[in-house]
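Worksheet for the structure shown next.
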Amino acid sequence: MADLKNMKGISDADRKLIEEAETLLGPEPSTMGFVKNLFWGNCRQELVFPYPEQDSREAAECDQLLARLDEYLKNEHPATLIDQEQETPDWVIKRLFELGALGMTIPKEYGGLGLGITSYNRVLERVGKYCGSTAVILSAHLSIGCGAVKLFGTPEQKKLWLPKLASEWLSAFCLSEPNVGCDAGGQETTFEKTPDGEHYVINGEKKWATSGALAGLFTVMAREKTPEGAPPGKISALVCHPDMEGVEIFQKNRAKCGIRGTWQARIRFHNVKVPKFNLLHGEGKGLNVALTCLNFGRCTLSAGMLGGAKRAMDQSIKWGQTRHQFKQPLANFELVKTRVAHMAALTYAMEAVLYATTGMLDRKDDDIMVETAVCKVVNSEFGWQVCNDAMQIMGGEGYMTENEVERIFRDSRINLIVEGANEVMQSFIFAYGGKKLAESMLGVKDAVTWNSGESFGANLSRITGNLRKGPVLRLALGLGAELFLGIRKPAPVVDKVHPSLREHADRLAGFIREHSHQFKQASKRYEEAIVTRQAVQARLADNAIWLHAWACTLSKLSLDITKGSKVMVELERDRAAAEHFFSLAQRAIEHNIRDLYVNSDDTMLKSAEASLKYSSTLPNSDFAIPERSPTARGTGRAMKQDGIKQFPGTGIVGGVPAGAGANGH
């Protein structure tokens with residue numbers, strides 16, 4: 001198979017970017033997941049159809065936890081106080097440990113509940129309905145904090161740390177830095193081995209470490225320090241404790257727009273000596289730890305958003321039915337009905353995508369990185385739209401604190417940014433989702449097309465030799481017919497649905513075929529330029545997202561109809577919502593395909609360049625500038641802190657978590 005890094009015409013910078021991305025993501029799985037198959041025009045039905053269902057025993061255990069949490073969340077949990085005071089009280093954390101929520105995914109042998117991924121997300125959805133901040137605390141602890149120990153720890157490490165993490169300690173994940181956001185591979189925090197090989201010495205700074213100021217355990221990503229001029233060292237995951245000498249929590253938190261009850265610490269490491277016992281998963285495997293944990297975090301982020309979106313939707317619909325203007329309920333007006341239908345369609349699809357994805361994780365499917373990215377984009381983007389619709393229906397009252405919608409609205413906005421900004425996810429879904437197909441196309445091109453850098457004889461020999469090979473000839477003929485004659489491959493079969501849904505299944509199959517065709521056509525049209533044409537990438541990525549959401553929604557609706565466990569009025573609502581979603585998806589896909597050919601990209605780029613040029617004339621001193629900017633560090637305005645609640649750090653000497661010694665023992 002051809003290598004995209006060797007594609008002619010791409011710049012050295014883009015080639016290096018592809019190389020770094022491949023290193024970051026690791027080797028391709030042996031089998032392709034559902035979304036990657038969409039790029040080929042295939043539908044691996046067995047991955048989504050029938051819709052995954054929980055084991056009845058585990059579902060019952062989860063139901064018991066949900067019942068306990070409902071009682072607590074309805075009658076005790078101070079959601080508004082947490083938001084207004086910008087702090088989650090200690091008693092709330094203790095209560096969540098007592099209820100089992102903060103240990104729910106930790107195996108029973110270590111004191112947890114041993115619940116699977118679907119149960120975990122059901123709980124996060126329920127918590128998100130009441131309090132976005134608390135959902136984030138749970139997610140940060142279980143998905144990316146202690147999740148690293150649970151997934152990658154040795155038996156000795158698990159025995160030492162998991163019981164505390166199930167009952168007493170919060171945990172934090174130290175990945176982001178002042179210069180490291182979405183670029184997880186850009187770690188600047190370093191470690192060196194001591195001469196005796198018994199310790200690692202960490203130096204650097206971490207940012208956005210949720211619960212870092214409250215945690216008894218950090219999972220820290222750091223790069224091995226190498227001599228000047230040598231290639232950068234590999235990244236490893238090291239477990240630290242706040243009482244280790246040299247750990248400085250210099251800022252516990254910063255005031256922010258939403259999820260105000262969560263604390264994101266800033267932590268410095270000054271020659272922190274970490275025992276080799278505390279290494280997770282082996283040296284140089286830190287990014288594998290980080291990316292695996294993010295797969296789970298992207299789902300739990302989605303679950304919390306789903307809970308909040310459902311709550312905002314239900315509240316606003318009830319408001320629309322009971323608020324009268326012009327002598328009739330708001331809900332009678334067609335433009336309000338437009339928003340009601342939009343919310344219903346998106347929340348049904350959000351749920352369908354989320355629990356299809358958790359089903360894949362529970363099954364331990366091999367290739368799910370693109371699917372978790374799609375899940376994150378679907379739930380964050382759709383959830384934000386639902387909250388916006390709910391706010392608009394409720395009008396001025398929606399803006400009032402006691403009605404809770406404004407808090408859900410504020411809490412939801414961060415989800416489009418964290419766990420991989422949605423724009424980064426679009427490029428990732430396009431590039432990683434379509435990578436194998438692009439490499440196959442490049443291989444055919446290299447095998448049978450003229451190369452101006454070769455002699456006439458060399459070209460003739462290569463082309464005729466390759467065309468004698470059956471597989472190459474078949475690929476070349478099929479690809480050529482599609483690219484130059486518009487002859488598409490047959491649509492995939494999508495038939496594992498309730499008979500009444502066959503029309504929707506057939507439409508889905510047709511659009512899967514068209515998606516593959518448009519990816520191939522765009523690759524031919526732009527060739528190497530497509531590497532930097534993110535607007536083009538986004539249209540194709542968005543269509544893959546819509547198609548995946550369509551398939552998951554279709555599968556869930558088929559199950560709901562077949563089981564017949566919902567009361568009729570609920571099933572009618574859900575069926576209508578799903579069918580409206582199929583209509584919305586079709587319109588969006590058709591719009592994106594049109595935009596591949598007729599768009600405003602030229603004027604957009606011209607306008608952006610003009611705006612950037614104008615901005616360059618404005619003094620940096622009037623604006624906020626990134627603290628570690630490589631081109632403008634120290635030139636921005638001083639940030640005024642008057643009237644903003646402050647969360648000063650504790651200095652280098654931190655509190656000692658119960659049972660956590662500096663050596664981890």
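With semi-axes defined as the square roots of five times the eigenvalues of the C-alpha gyration tensor, the equivalent ellipsoid of the chain measures 39, 35, 26 Å, largest first. Comparing Cys240, Met441, Ala331 along the charge dipole axis of the chain, the residue lying farthest to the positive side is Met441, per the Cβ-charge model.
Summarising the amide proton neighbourhood of Leu170: residues at separation of 5 or more, or on other chains, whose placed amide H is nearer than 5 Å comprise Gly216. Counting only DSSP beta bridges with both residues in the chain, the antiparallel share comes to about 80 percent. Computed from the alpha carbon atoms alone, the convex hull of the stretch 298-376 holds 75 Å³ per residue.
Per-residue ellipticity at 222 nm computed for the chain from its helices equals -18000 deg cm²/dmol, with DSSP H segments shorter than 4 residues left out and the rest contributing -39,500 (n - 2.57).
For the residue pairs Lys36/Lys364; Lys310/Lys563; Lys74/Lys207; Lys285/Lys445, alpha carbon separations beyond 25 Å are given by Lys74/Lys207; Lys285/Lys445. State log₁₀ I(q)/I(0) for the stretch 440-508 at q = 0.14, 0.16, 0.22, 0.23 Å⁻¹ as given by the Debye formula over alpha-carbon point scatterers of equal weight, solvent excluded. Values, matching the q order: -0.58, -0.66, -0.93, -0.97.
Derived scalar couplings between HN and Hα for the stretch 563-570 equal 5, x, 8, 8, 5, 4, 5, 6 Hz in order, rounded to whole Hz, by the Karplus curve 6.51 cos²θ - 1.76 cosθ + 1.60 (θ = phi - 60°), x for Gly and Pro. Phi-derived couplings, Karplus 6.51 cos²θ - 1.76 cosθ + 1.60 at θ = phi - 60°, listed residue by residue for the stretch 626-638: x, 4, 10, 4, x, 10, 9, 4, x, 9, x, 6, 6 Hz, with x used for Gly and Pro.
The 3J(HN,Hα) values that the Karplus relation (6.51, -1.76, 1.60; θ = phi - 60°) gives for the stretch 603-613 are, in residue order, 5, 4, 5, 5, 5, 4, 4, 5, 5, 5, 5 Hz. Gly and Pro appear as x.
Taking the Cα centre of the stretch 213-372 as origin and assigning +1 to Lys and Arg Cβ atoms and -1 to Asp and Glu Cβ atoms, the resulting dipole is close to 780 debye. Quick one: in the stretch 299-435, what % of C-alpha pairs are over 22 Å apart? Here the long-distance tail beyond 22 Å is 42 percent of all Cα pairs in the stretch 299-435. Computed from point charges on the beta carbon alone (+1 for Lys and Arg, -1 for Asp and Glu), the dipole magnitude for the chain about its Cα centre is near 800 Debye. Placing pseudo-labels 7 Å out from each Cα toward the beta carbon at Leu467 and Thr532 gives an inter-label distance of 3.5 nm.
Label-to-label distance for Ser455 and Arg587 is 6.2 nm, based on points extended 7 Å past Cα in the beta-carbon direction. Name the residue from Ser452, Val497, Cys387 whose Cα lies farthest towards the positive end of the charge dipole of the chain, charges +1 on Cβ of Lys and Arg and -1 on Cβ of Asp and Glu. Towards the positive end, the residue furthest out is Ser452.
Taking only protein heavy atoms and a 1.4 Å probe, the accessible area of the chain is 54% carbon and sulfur. Lys606: which lysines have alpha carbons under 28 Å from its alpha carbon, excluding same-chain residues fewer than 8 sequence positions away? List returned: Lys8, Lys16, Lys520, Lys524. Within the shell of other residues whose beta carbon sits under 14 angstrom from the beta carbon of Asp601, the net charge comes to +2, with Lys and Arg scored +1 and Asp and Glu -1. Summed over the residues of the stretch 186-292 and divided among them, the accessible surface reaches 39 Å² per residue at a probe radius of 1.4 Å. In the chain, taking the dipole from charged Cβ atoms about the Cα centre, the farthest positive-side position among Cys257, Ala538, Ile463 is held by Ile463.
Provide the gained length on full extension for the span Ser621 to Lys364, in nm with one decimal, where the gain is 0.36 nm per separating residue minus the Cα-Cα distance. Result: 87.4 nm gained on full extension.
Solvent-accessible area per residue in the stretch 494-583 equals 39 Å², computed with a 1.4 angstrom probe and all protein chains kept. Looking at the stretch 359-438, the accessible area is 35 square angstrom per residue; that uses a 1.4 Å probe and ignores ligands, DNA and RNA.
For Trp263, the residues whose modelled amide H falls within less than 5 Å of its own, excluding neighbours fewer than 5 places apart on the same chain, are Ser211. In the stretch 23-142, the alpha-carbon atoms span a convex hull of 183 Å³ per residue. Per-peptide packing, taken as the mean over residues of other Cβ atoms within 10 Å, places 441-454, 275-288, 294-307 in the sequence 294-307, 275-288, 441-454 from highest down. Surface calculation, 1.4 Å probe, protein heavy atoms: His324 sits at approximately 100 Å² accessible.
Taking the alpha carbon gyration tensor of the stretch 180-308, multiplying each eigenvalue by 5 and rooting it gives semi-axes of 27, 17, 13 Å, largest first.
The values are calculated or read from the model by the stated rules, or taken from the named source; none is laboratory data. These numbers were taken from a predicted model, which means no experiment stands behind them. Cβ coordinates were reconstructed from backbone atoms using ideal geometry, including for glycine residues, and neighbour counts include every protein chain displayed. Note: areas computed on protein heavy atoms with side chains; ligands, DNA, RNA excluded. Shrake-Rupley method; radii C 1.70, N 1.55, O 1.52, S 1.80 Å.
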